[in-house]
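Undergrad: Before I ask anything, here is the structure I am working with.
The values are calculated or read from the model by the stated rules, or taken from the named source; none is laboratory data. What you see is a predicted model, and the numbers here were worked out from it, not measured in a lab. All Cβ positions, glycine included, derive from the backbone under ideal geometry; neighbour counts span all protein chains shown. For the accessible areas, the whole protein counts, side chains as well, though only heavy atoms, and no ligand, DNA or RNA atoms are used. Shrake-Rupley method; radii C 1.70, N 1.55, O 1.52, S 1.80 Å.
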Amino acid sequence: MNLNSSQTLTISGQDVVKNGSQHSWEDAKTILKPSTPSKKPPKPENSITIAVSSRVLFNMEKEQQIFEQQGMEEYIKYQVAHETEPFSPGPAFSFVKALEAVNTQLRDLYPESEELFDVVLITNNHAYVGLRLINTINHHQLFIERFCMTGGNSPIGYLKAYNTNLYLSSDPVKVHEALEEGIAAATMFTPEKMTEVSETQLRVAFDGDAVLFSDESEQIYKAHGLDKFFEHEKAHENKPLDHGPLKGFLEVLGKLQKKFYAKGQRMDCPIRTYLVTARSAASSGARALKTLRSWGLEIDEALFLAGAPKGPILEKIRPHIFFDDQMFHVEGAAEMGTVACHVPYGIAQRVPEGKGIKDKEISSIK
């Protein structure tokens with residue numbers, strides 16, 4: 001959503017900073033008080049920070065249409081009139097709930113540890129919407145204490161200040177900006193149907209090339225074809241691939257997994273990770289696995305599909321979130337009910353001049 005207001009409202013715990021009209025601030029400060037939390041959020045430097053936009057955490061499609069069709073003033077009037085009505089869950093909702101479930105188990109094992117997931121709501125929305133967002137968070141009993149509402153300005157500049165480990169948004173432009181800043185980010189889409197997922201185990205599925213790994217091998221394939229790709233991977237089997245944009249997120253997941261392993265919970269760990277790749281196991285799979293090993297990272301399950309569709313496999317895995325750099329796979333996963341995210345990184349995002357591409361792909365990545 002592109003808003004024209006210059007007002008900025010930031011909420012971090014109980015700290016609120018204003019930069020806007022006095023009238024809006026006086027209205028907001030009497031209501032923007034979250035219910036007293038039973039636990040304090042961890043310090044940002046100790047936590048794993050997941051930044052989510054309001055439009056992926058909640059379903060705000062109706063409100064978006066009002067903004068686009070009727071403008072800012074009608075949008076604000078609608079939000080004020082409906083601020084006691086909670087939004088329904090969006091595509092990131094189950095993911096956030098799973099993060100909270102992991103936190104609960106971590107606190108049981110390590111009561112004093114602050115190595116926990118910390119969800120931050122980061123949005124360029126107007127302050128008036130914050131009233132409804134807080135009511136919604138309390139309604140759904142989510143533990144989200146850190147807010148950043150930028151009133152029309154891009155929130156990307158705040159991501160580093162929050163030590164963000166992952167940023168999820170429905171806006172591909174903001175996701176591009178975050179990746180340019182070196183922050184793991186992905187564009188989240190809402191499937192027409194959403195597969196039921198675990199409430200006790202966080203499941204995260206990753207593509208390999210241009211997601212966990214660099215797009216080095218993808219460049220060989222695009223330039224020289226499949227046979228040269230296989231030759232290249234065989235020749236470089238023992239040379240680790242460079243890192244991709246989401247390697248760091250897999251690292252922090254692995255760090256938390258080891259805390260459970262240390263307490264004898266390897267088989268009952270509430271975090272499970274998956275590599276779901278179009279690579280072939282015998283022809284090019286070894287390099288992927290050796291790269292992960294060279295990084296000191298484990299992946300719980302590796303599925304090499306040799307170019308087969310990923311949707312049916314993901315339907316069986318039922319991850320809370322799946323990351324891929326190819327819109328073809330994102331759409332295929334979404335069609336079967338998986339919450340899928342597009343990582344616009346690498347050579348696959350560059351369309352050669354004069355070469356055709358589906359209109360829906362252009363609209364998704366521009």
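Undergrad: Taking the mean number of other Cβ atoms within 10 Å as a proxy for protection, how do you rank 130-139, 154-163 from highest to lowest?
TA: 130-139, 154-163
Undergrad: Does a label point 7 Å from the Cα of Lys43, set along Cα-to-beta-carbon, have any residues of the stretch 147-185 with amide nitrogen under 20 Å, and which are they?
TA: So the set is 147, 160-165.
Undergrad: While we're looking at this one, here's another question. Run the accessible area of the stretch 244-291 with a 1.4 Å probe and give the carbon-and-sulfur part as a rounded percent.
TA: Of all accessible area on the stretch 244-291, carbon and sulfur atoms account for 52 percent.
Undergrad: Next question, about the same structure. Give me the percent of the accessible area of the stretch 160-238 that comes from carbon and sulfur atoms, probe 1.4 Å, all protein chains in place.
TA: 46 percent
Undergrad: Students often get this wrong, so check it: of Lys39/Lys193; Lys263/Lys310; Lys160/Lys258; Lys97/Lys258; Lys43/Lys255; Lys40/Lys62, which have C-alpha atoms separated by over 24 Å?
TA: Lys39/Lys193; Lys263/Lys310; Lys160/Lys258; Lys40/Lys62
Undergrad: Would you mind getting the accessible area per residue of the stretch 212-257, heavy atoms of the protein chains only, 1.4 Å probe, in Å²?
TA: Accessible area per residue, the stretch 212-257: 51 Å².
Undergrad: Got the relative contact order for the stretch 168-210 handy, in percent, Cα pairs under 8 Å and 6 or more residues apart?
TA: 32 percent
Undergrad: Once you keep just the Cα pairs under 8 angstrom separated by 6 or more residues, what percentage relative contact order results for the stretch 113-256?
TA: That works out to 18 percent.
Undergrad: Still on this model: Keeping all protein chains in position, work out how much accessible area Tyr110 exposes to a 1.4 Å probe, and write it in Å² to the nearest 10.
TA: So the heavy atoms of Tyr110 present about 50 Å² to solvent.
Undergrad: Also, quick follow-up: How much accessible area per residue does the stretch 54-128 have, counting only protein heavy atoms and a probe of 1.4 Å, in square angstrom?
TA: 42 Å²
Undergrad: Related question: Heavy atoms only, probe 1.4 angstrom, no DNA, RNA or ligands counted: give me Lys62, Lys247 ranked by accessible area, highest first.
TA: Lys62, Lys247
Undergrad: Further, regarding this structure: Averaged over every viewing direction, what's the projected area of the C-alpha convex hull for the stretch 133-220? Give it in nm², one decimal, please.
TA: 8.4 nm²
Undergrad: Can you give the accessible area per residue of the stretch 135-199, in Å², using a 1.4 Å probe?
TA: So the stretch 135-199 comes to 44 Å² accessible per residue, rounded to a whole number.
Undergrad: With a sphere of radius 12 Å drawn around the Cβ of Glu233, what net charge do the other residues whose Cβ falls strictly inside it have (Lys, Arg +1; Asp, Glu -1)?
TA: Taking every other residue near Glu233 into account, the sum is 0.
Undergrad: Let me know the Rg and Dmax you get for the stretch 267-321 when you use only its Cα atoms, in Å.
TA: For the stretch 267-321, the Cα radius of gyration and maximum Cα-Cα distance read 12.1, 33 Å.
Undergrad: Counting C-alpha atoms alone, how compact is the stretch 206-266: give Rg to one decimal and Dmax as a whole number, in angstrom.
TA: When restricted to Cα atoms, the stretch 206-266 yields Rg and Dmax of 15.5, 49 Å.
Undergrad: Let me ask something additional. Keeping all protein chains in position, work out how much accessible area Ser47 exposes to a 1.4 Å probe, and write it in Å² to the nearest 10.
TA: 10 Å²
Undergrad: Sticking with this one: I'd like the FRET efficiency for Lys77 and Glu335, computed as 1/(1 + (r/R0)^6) with the beta carbon distance as r and R0 of 30 Å, rounded to 0.05.
TA: 0.25
Undergrad: Oh, and also: Please report the net charge: other residues with Cβ closer than 11 Å to the Cβ of Ala278, K and R +1, D and E -1.
TA: Taking every other residue near Ala278 into account, the sum is -3.
Undergrad: Count charges around Val119 for me, please; just the other residues with Cβ under 12 Å from its Cβ, Lys/Arg as +1, Asp/Glu as -1.
TA: Here the charged neighbours net out to -1.
Undergrad: Same structure, new question: State, to one decimal in nm, how far the label point of Ile347 lies from the label point of Glu301, with both points 7 Å from Cα in the Cβ direction.
TA: In this crude label model, Ile347 to Glu301 measures out at 3.1 nm.
Undergrad: Solvent-accessible area of Cys148, probe 1.4 Å, all protein chains present, reported in Å² to the nearest ten, please.
TA: 0 Å²
Undergrad: Among rounded, prolate and oblate, which fits the stretch 50-130 when a ≥ b ≥ c are the square roots of the eigenvalues of its C-alpha gyration tensor, a/c under 1.5 means rounded, and a/b larger than b/c means prolate?
TA: Prolate shape, in that a/c is at least 1.5 and a/b is the bigger ratio.
Undergrad: Heavy atoms only, 1.4 Å probe, whole protein assembly: order Asp325, Asp227 by accessible area, highest first.
TA: Ranked list, largest accessible area first: Asp227, Asp325.
Undergrad: Assuming 0.36 nm per residue, please report the length gained on full extension of the stretch Lys222 to Gln265 beyond their Cα-Cα distance.
TA: 11.2 nm
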